[in-house]
Amino acid sequence: MKASIAVLPGDGIGPEVISESIKVLEAIGNRFNHDFEIESGRVGGNAIDDYGTPLPQETIDTCKDSDAILFGAVGGPKWDDPNADVRPEDGILAIRKSLGLFANLRPVKVYPALINSSPLKPEFLEGVDMMVLRELTGGLYFGKPKKRWNTSRGRRGVDTLKYTESEIERILRVGFELAMERRKKLTSVDKQNVLESSRLWREIAIEVGKDYPEVELDHVLVDNAAMQLIRNPSDFDVIVSENTFGDILTDEASVLSGSMGMLPSASLSSLPGKSGRRTKVSLYEPIHGSAPDIAGKGIANPIGCILSTAMMLRLSFGMNDEADAIEKSVDAALAEGYRTADIASDGGSEVNTSTMGNVISGSI
Ligand code: IPM
Ligand code: MG
C-alpha cells in the first residue's frame, strides 16, 4: 500500500524520537511491502527562528497533502519569553485546530516489565489499561477572550473556558464508541460543582448516554479523578474530559506506565472506526514535550513516539498486523531488559535513544 506521511520533528528531543520512529516505519515497509512516502516539515521554535512563524505555510500544505502526520515535540527555553508575540506551542495548537482534530486518544497501560519503574506500588498497577480521551480543539486552550492587558489597577489576564453543545456531544460520542469496543465503562470528568461549562458537559453526557445503554457512565470531579488515577487506576476504562483537564491527567497517568516517554497519542477529526483507511488526515504524537533538559544527549525514550507510529498505522491506514508487530517489538525490547534512562530504575540494561530504536526496529 502507498501512504504519504508528513513528519514534523519540531524542537528538543522531537527530532531524536522521530528518527527512531522512521527506522521502525522503514522496517515495517520492508517486511509488509508498503511504500511510505515521507515528507518532512518545519514546526515550533526552530521554525520561528528561520521563518518567523511556528507553522510556515509550507508545513500546513505538506500536512494537508498527506494521509497522516507524525509529530515530535515543540518548545524550549529559547522561546519562552512571556512577552513574545509567537510561541512554538502555537504551531501544534494551530495544526490541531485547523485540521479539526478534536478527539485525542491517549492509551495508558502498564508493561509488566516496567512495574518497578513506576514509583507506585506494584499492587496498584495490576490490570491498568485505560484510554484517556481528551477534547483537543476547545475549552480553555482556545476560548475567547484570551488576552493580557494593563489597567489602572494593575495587569490583568484572561482565558475563557467555553464549549458549545455540539463540541461536547461529538467528543462524548467518541468516548461512548470507544467504551463499546472496550470494557463498556465511561468516566466523564468535569468540575460541575464550580464550572458552568462542566454543568453543560454533564447534562449532555447523560443525554448522549441514553443512546448507549450498555455503557456504564460515571461522573467524577476532576480533582477526585486526579486522586483516583493513583489510588484505583485499574478501575478506569475510558475517561473523557475537557482539553486542559485531559492535558493534566495524562501527564499524571503516565507515571503508571513508568515514564512520560512511554505514552503515545492519536488526534482525530472523527470517530476512530473499526478498521480501514481514514479519509481525513490525523495526527500522531507522543504525549511528552521537547524535554530541553535532555535534548541533544541522545538519551530520550523513543517508545512514546514509536507507539504513536503504531497508532497511525492502525487508525489511519487500517494496518492492524503492522501496528501489532510494532507493539510486540516494544514489548520484547522491554522484556529483554532494554531501558532508556527514564525507565532504568529497575536495573535493566541502560541504552541510548538510537540503540532502543535499533532494537525495536531490528526485531520487526
Ligand atoms: C500535550 C502538550 C501540549 C498541550 C503543549 C506542548 C501545547 O502538553 O500535547 O500534552 O498542552 O496540549
Ligand atoms: Mg501535555
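Is the range 242-364 rounded, prolate or oblate when judged by the Cα gyration tensor, a ≥ b ≥ c being the square roots of its eigenvalues, rounded requiring a/c under 1.5 and prolate requiring a/b larger than b/c?
Oblate shape, in that a/c is at least 1.5 and b/c is the bigger or equal ratio.
Which residue, chosen from Val194, Val208, His219, occupies the Cα position most advanced towards the positive end of the dipole of the range 118-257, where the dipole is computed from +1 (Lys, Arg) and -1 (Asp, Glu) charges on Cβ about the Cα centre?
Farthest along the dipole direction, towards plus: Val194.
Would you work out if the range 118-257 is rounded, prolate or oblate? Take a ≥ b ≥ c from the square roots of the eigenvalues of the alpha-carbon gyration tensor; rounded if a/c is under 1.5, else prolate when a/b is larger than b/c, oblate otherwise. Could you put the intermediate results ahead of the total?
Values: a/c = 2.57, a/b = 1.41, b/c = 1.82.
In terms of gyration-tensor shape, oblate.
Residue farthest toward the positive end of the dipole of the range 109-168, with Cβ of Lys/Arg at +1 and Asp/Glu at -1: which of Pro145, Val110, Gly127?
Pro145
State the extension gain, in nm to one decimal, for the chain segment bounded by Glu39 and Glu196, taking 0.36 nm per residue of separation less the distance between their alpha-carbons.
Working: separation 157, 0.36 × 157 = 56.52 nm, distance 4.36 nm.
Stretched fully, the Glu39-Glu196 segment lengthens by 52.2 nm.
Residues of the range 151-190 with amide nitrogen under 17 Å from the 7 Å Cα-to-Cβ point of Asp223?
189-190
Under the rule that an exposed site lies in a DSSP loop and has at most 13 other Cβ atoms within 10 Å, name the longest stretch of the chain with no GluC sites (Glu not before Pro) of that kind, not counting the sites themselves.
Free of exposed loop sites, the longest segment is 1-125.
Assign one of three labels to the range 1-140, namely rounded, prolate or oblate, based on the Cα gyration tensor with a ≥ b ≥ c the square roots of its eigenvalues; rounded applies when a/c is under 1.5, prolate when it is not and a/b is larger than b/c, and oblate otherwise.
Numbers: a/c = 1.81, a/b = 1.24, b/c = 1.47.
Cα axes put the range 1-140 in the oblate bin.
Give the order of Ser265, Ser40 when sorted by the count of other beta carbons within 10 angstrom, beginning with the fewest.
Details: Ser265 23, Ser40 16.
Ranking Ser265, Ser40 by Cβ neighbours within 10 Å, fewest first, gives Ser40, Ser265.
Quick one: of the DSSP bridges fully inside the range 118-257, what percent are antiparallel, nearest 5? Provide the component values of the computation, followed by the final result.
Values: 6 of 20 bridges.
Counting only bridges with both partners in the range 118-257, antiparallel ones make up about 30 percent.
Name the residue, out of Leu133, Leu268, Leu161, whose mean-square fluctuation peaks in a Gaussian network model built on the chain with Cα pairs under 10 Å.
Result: Leu161 has the largest fluctuation of those listed.
How large is the dipole of the chain about the Cα centre if only Lys and Arg carry +1 and Asp and Glu carry -1, each at its Cβ, rounded to the nearest 20 debye?
On the way: 40 positive and 54 negative charges, 172 e Å.
So the magnitude is around 820 debye.
Taking 22 Å as R0, compute the FRET efficiency from the Cβ-Cβ separation of Asp81 and Thr244 and round it to 0.05.
Values: r = 23 Å, r/R0 = 1.03.
It comes out at approximately 0.45.
Quick check: residue separation of Asp61 and Asn352 times 0.36 nm, minus the Cα distance between them. What number comes out in nm?
Numbers: separation 291, 0.36 × 291 = 104.76 nm, distance 3.41 nm.
Length gained, Asp61 through Asn352: 101.3 nm.
Who wins for biggest fluctuation among Asp81, Asp35, Asp235 in a Gaussian network model of the chain, springs between alpha carbons below 10 Å?
Of the options given, Asp81 has the highest mean-square fluctuation.
In what order do Trp79, Trp201 fall by count of nearby beta-carbon atoms within 10 Å, going from fewest to most? Show your work: numbers first, answer last.
Numbers: Trp79 19, Trp201 29.
Arranged by neighbour count, lowest to highest, Trp79, Trp201 become Trp79, Trp201.
Using alpha carbons only, how many angstrom separate the centre of the range 81-112 from the centre of the range 275-317?
12
Listing Ile115, Ile360, Ile5 from the residue with the fewest other Cβ atoms within 10 Å to the one with the most, what is the order? Before the final figure, lay out the partial values.
Values: Ile115 18, Ile360 27, Ile5 23.
Fewest to most other Cβ atoms nearby, the residues stand as Ile115, Ile5, Ile360.
Please identify, among Gly289, Gly258, Gly143, the residue showing maximal mean-square fluctuation in a Gaussian network model of the chain using a 10 angstrom Cα cutoff.
In this elastic network of the chain, the residue with the biggest mean-square fluctuation among Gly289, Gly258, Gly143 is Gly143.
Only bridges with both residues in the chain count here: give the DSSP antiparallel percent, nearest 5.
Details: 18 of 48 bridges.
Here the share of antiparallel DSSP bridges comes out near 40 percent.
All of the numbers you see were taken from the coordinates with simple rules; none came from a lab. Quick caveat, the model's predicted, so the values are computed rather than measured. Reconstructed Cβ throughout: ideal geometry from the backbone, glycine too, with neighbour counts over all protein chains shown.
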